[in-house]
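**Student:** Please read through the structure below; I'll follow up with questions.
The values are calculated or read from the model by the stated rules, or taken from the named source; none is laboratory data. Fair warning: this is a prediction, and the values are worked out from it, not measured in the lab. For accessibility, only protein heavy atoms count, side chains too; no ligands or nucleic acids. Shrake-Rupley method; radii C 1.70, N 1.55, O 1.52, S 1.80 Å.
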Amino acid sequence: MKNKTVYIEKWVYNKPRLMPNQDGNIILISKGCFGPVEVYEWGIDANKQAYERYEWLENDFYQDDNYWITITQEQLLQQIQNVIVLFRNNGFPDWAEMYETILEQLNCDLK
């Protein structure tokens, strides 16, 4: 896949980062917006727990709304299913297929 990002409405979606980052987190879904500047992220942390992260970057007004929470595996799987539908409905079948592969792998890991 040549595109590392795709744009849908006001959101830019980044390709999943399946190798752990410096904190040990695997970032499966990452989307950002430039107006206002904010980022949502879903993945698996260094302790193998599913997580959701939100960060407001526009200014200091809503920085208190930033969060990092542990979510259930089912919630993570639902987010992945949501982006599969989103990418299919917006003409990005290669992105949908990439997330279907990730979903299959996670389902195998849960068994």
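**Student:** When the distances between all Cα atoms of the chain are binned every 10 Å from zero, what whole-number percent does each bin get?
**Tutor:** Spelled out bin by bin, the chain gives 14, 45, 35, 7, 0 percent.
**Student:** Here is a follow-up. Can you pull the accessible area of ASP60 for me, 1.4 Å probe, Å² to the nearest 10?
**Tutor:** Surface open to solvent at ASP60 totals about 120 Å².
**Student:** Across the chain, how many lysine pairs, 8 or more positions apart or on different chains, have C-alpha atoms separated by under 23 Å? Please give the number.
**Tutor:** 10
**Student:** Could you report the accessible area of THR70 in Å², rounded to 10, computed with a 1.4 Å probe on the protein chains as they sit in the structure?
**Tutor:** Surface open to solvent at THR70 totals about 90 Å².
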